[in-house]
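Structure first, commentary second.
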Amino acid sequence: QVQLVESGGGSVQPGGSLRLSCAASGRINRITAMSWYRQAPGKERELVATITGGSSSRNYADSVKGRFTISREYGKNLVYLQMNSLKPEDTAVYYCRIYVDKEYWGQGTQVTVSS
């Protein structure tokens, strides 16, 4: 069994920053990909960023390019999402997802951007 625990969400004013963390534990042999998704009220869940292949490949949604950075720590099975220049439209519940033998999801952490 694999568990994911996210942290770092909260409320921030437009233009502010937050750093999300996701810690994976349990039966983990090799993580193929680590991703962050988000879901705003009334909208479908969308992919925000993915990191694969030993951190050599990173992909971002167009809406967050240049503002968000995904990174990982191999030895600790941690993945981060640094979010800068936050906008009200970034408000959502953010979910961590990893793929090992199958996909696993965290419980989500709320990010609210409001003045």
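The values are calculated or read from the model by the stated rules, or taken from the named source; none is laboratory data. What you see is a predicted model, and the numbers here were worked out from it, not measured in a lab. Glycine gets a Cβ as well: all are built from the backbone with ideal geometry, and neighbour counts include every protein chain shown. Accessible surface areas use protein heavy atoms only, side chains included; no ligands, DNA or RNA. Shrake-Rupley method; radii C 1.70, N 1.55, O 1.52, S 1.80 Å.
Odds and ends about this structure:
- Scanning region 43-57 for residues that are modelled with pLDDT under 95 and either at positive phi or open to solvent by 80 Å² or more (accessible area, probe 1.4 Å) (or both) gives Gly53, Gly54, Ser55, Ser56.
- Whichever residue in region 82-115 is closer than 29 Å to Ile28 by Cβ, open to solvent by 70 Å² or more (accessible area, probe 1.4 Å) and part of a loop (DSSP other than H, G, I, E, B) and, among such residues, is modelled with the lowest pLDDT: Asp101
- The set of residues in region 16-30 being out of contact with any Asp or Glu (no Cβ under 6 Å at 6 or more places or on another chain), in a strand (DSSP E or B) and not polar (S, T, N, Q) consists of Leu18, Arg19, Leu20, Ala23, Ala24, Gly26.
- Residue match in region 27-42 (condition: charged (D, E, K, R) and without any contact (Cβ under 8 Å) to a residue 12 or more places away in the chain): no
- A single entry from Arg72, Arg19, Arg27, Arg58 fulfils the requirement of being touching a strand residue (DSSP E or B) at 6+ places or on another chain (Cβ under 7 Å) and closer than 19 Å to Thr112 by Cα: Arg19.
- Of all residues making up region 33-50, the number that are within 15 Å of the chain's Cα centre (by Cα) and outside any strand (DSSP E or B): 2
- Test result for Val64, open to solvent by less than 60 Å² (accessible area, probe 1.4 Å), of a type outside the set (Ser, Thr, Tyr), under 20 Å from Gly108 (Cβ atoms) and assigned to a loop (DSSP other than H, G, I, E, B): yes
- When residues in region 10-31 are screened for being open to solvent by 60 Å² or more (accessible area, probe 1.4 Å) and under 13 Å from Tyr99 (Cβ atoms), 2 of them pass.
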